[in-house]
Each structure stands twice: as structure tokens, then as C-alpha cells.
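Okay, handing you the structure first.
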Amino acid sequence: MKSTFLLIYFTLISTVNAQSLVISELDSDTPGTDTAEFIELYSTTPNYSLDGYVLVFFNGNGDKSYAAYDLDGYSTDSNGYFTLGDSGVNGISITLNSSGLQNGADAVALYQANLSDFPTNTLPTTTNLVDALVYDTDEADDAGLLTALGETTQYNENEASDGPNHSLQLQTNGSYSASSPTPNAGNTVLSTSFSKNNLISIKLNPTNGIVFFIDNKESLDVRLYDMTGKLQLVTTTTNYLDVSHFTHGIYLLQIDQGQQQQLMKLIIN
Ligand SMILES: [Ca+2]
Ligand SMILES: [Ca+2]
Ligand SMILES: [Ca+2]
Ligand SMILES: [Ca+2]
């Protein structure tokens, strides 16, 4: 049992380690004629160089690429954000071309590759893939895109029935939820609803840096690891965890309650 936990633990550590740049937000469907679309990337390291990265858009109709953006020469800003979008969107560094960002079922994928590797109509691949988001605005799941990009979940920008006014935003557990757009800034929705398989639900208050354990009454043993796997915090708590003194970035949160254990990615803004 213990060795299984350790295996899962080290697998997660290596996954977190490898993911220094993520797709943190996507807005494909915007009011009117979709002139406020954007994609936000986030790095745990401020001013992170984007040399060697390319962002590729895949059309779910045919599952081939329809646009690609070379990120060579760019870097994330002092808060770790980098945004591509339609002209006029707050904080964009690259303006999307006329093909825009399709409303789904479609995908965006971040690769460590060259622009020349992804001419229009290239098939999706997991080779050199850094991160991917398969999304829709009420369309059915595109199994082809999901499989080709190694993903299991397609996220719905219209999940709260307000797709034009919502974007998909990365949550603390690595999933995406729809809320009011926050281009080039911290995602506003950081509360997380876990599936019933998970031990507890948490809510992160990004302003105060407090992780709340929702409706939990039992004592929890909590450990927080940084991206190098170094233990940063060990404590026992029931209701909340104060992470306000940690520098922003991606951490691994390990929660033990009796014989149960939960591991999750925690993004501290
Ligand atoms: Ca669109
Ligand atoms: Ca499409
Ligand atoms: Ca939207
Ligand atoms: Ca954001």
C-alpha cells in the first residue's frame, strides 16, 4: 500500500516538475462577433522565456490544425502571464490572426517545437506536448481530439449557461471552470469541487492565500511540496491552511486523513 502511494507520489512530482508552463485560461466565445477571444499561458517562473514553444489550434471538425503561433522571442510577464488574443483584449502580446479561436468542440495545445512543425492541417500529437485543452460551447465530446492529445476531459465554456461572458479558467486541481474572463491576470474562480472519489473539497482564497477545507470535521495531515519535490510545510489542520507567505507558483499538496490520501496541484497566486 505504502509503495503504491510512493509511486503515485513520485509520478505526480515528476508531472508537476515537467509542467513549468500551462494553458491557464481560454475564451473562445465572446459577446457579439467574437472580438475578445484570448488564450492565457501561465508560468510559475516570472519572466519565463517562451523560446522553443509553439501554440497550436486544432479544429474538431477534421481534427487538424488551423493556426499556430511561434512563441520564440517572447516571455511571460513579471506575474508569469502571457496572453494571445484579439486586438483590444487586455494585456495581449500576440494578436490572433483572422481565423480567431473556434468555439468548439476544438482544442489548443502547447508544444516544445517549432512553428514549421505545425503547418495548417497538421494532425494533433502528444510528441513534445506540454499542455492541451480540449473545449466546447455545449458541443459533444470530441473523442478524436481528446485521444490524440492525451486528455480525458473536454471542458465546456458554457457550463454555467453564460458562455459569451465566461472563459474557461484553470483551477487548483488542474481542471477548468467557467467564470468571468481575467486575461493576463489571476483567475478569479479558484474554488474547486472534487468528484466523490476525492477525500475533501477545498477552496483557495487568492487574496488572503488561505486554503479552506470545505465541510471537513476530521483532523488532516497536510504537506506542501514545491516543484522540486522539496517539503515546504508540514502541519495538522481541520478547516484551513495559510499559504499566504509562499511565493506564487505551482505546488503539490498532500492531504492524509487516516488511511486515505489525496494529492493535488495547488496554484498559489
Ligand atoms: Ca470564437
Ligand atoms: Ca471547430
Ligand atoms: Ca466566453
Ligand atoms: Ca486569467
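The values are calculated or read from the model by the stated rules, or taken from the named source; none is laboratory data. All values derive from a computational prediction rather than experimental measurement. All Cβ positions, glycine included, derive from the backbone under ideal geometry; neighbour counts span all protein chains shown.
Looking for whichever is of a type outside the set (A, V, I, L, M), more than 16 Å from ligand 2 (Cβ to nearest atom), closer than 23 Å to Tyr42 by Cβ and assigned by TED's automatic domain parsing to the domain that holds Tyr66 here; the options are Ser161, Ser167, Ser116. Which one fits? Lay out the reasoning, then the answer.
Numbers: Ser161 fails: closer than 23 Å to Tyr42 by Cβ; Ser116 fails: closer than 23 Å to Tyr42 by Cβ.
Sole residue among the options that is of a type outside the set (A, V, I, L, M), more than 16 Å from ligand 2 (Cβ to nearest atom), closer than 23 Å to Tyr42 by Cβ and assigned by TED's automatic domain parsing to the domain that holds Tyr66: Ser167.
Regarding Asn47, is this residue polar (S, T, N, Q), free of Cβ contacts under 8 Å to residues at least 60 places away in the same chain and within 16 Å of ligand 2 (Cβ to nearest atom)?
When the stated conditions are applied, Asn47 does not pass them.
Could you identify the single residue in Thr35, Thr83, Thr45 that is touching an Asp or Glu at 6+ places or on another chain (Cβ under 7 Å), surrounded by fewer than 18 Cβ atoms within 10 Å (Cβ to Cβ), assigned by TED's automatic domain parsing to the domain that holds Val130 and not basic (Lys, Arg)?
Numbers: Thr83 fails: surrounded by fewer than 18 Cβ atoms within 10 Å (Cβ to Cβ); Thr45 fails: touching an Asp or Glu at 6+ places or on another chain (Cβ under 7 Å).
Among Thr35, Thr83, Thr45, only Thr35 is touching an Asp or Glu at 6+ places or on another chain (Cβ under 7 Å), surrounded by fewer than 18 Cβ atoms within 10 Å (Cβ to Cβ), assigned by TED's automatic domain parsing to the domain that holds Val130 and not basic (Lys, Arg).
May I pose another question? If you take just the strands (runs of 3 or more DSSP E) that sit entirely in segment 230-269, which of them hold at least 2 residues that are crowded, with 19+ Cβ neighbours inside 10 Å?
Passing ranges, in order: 249-257, 260-268.
Kindly indicate whether any position in segment 162-176 is farther than 30 Å from Ser78 by Cα and out of contact with any Leu (no Cβ under 8 Å at 6 or more places or on another chain).
The answer is yes; a qualifying residue exists.
Restricting attention to segment 167-179, does a residue exist that is modelled with pLDDT of 95 or more and in contact with a strand residue (DSSP E or B) (Cβ under 6 Å, 6 or more places away or on another chain)? Give the derivation first.
Our first condition is that a residue be modelled with pLDDT of 95 or more; within segment 167-179, this holds for 167-168.
Right, trim to in contact with a strand residue (DSSP E or B) (Cβ under 6 Å, 6 or more places away or on another chain) and you get 167-168.
Yes, some residue in segment 167-179 is modelled with pLDDT of 95 or more and in contact with a strand residue (DSSP E or B) (Cβ under 6 Å, 6 or more places away or on another chain).
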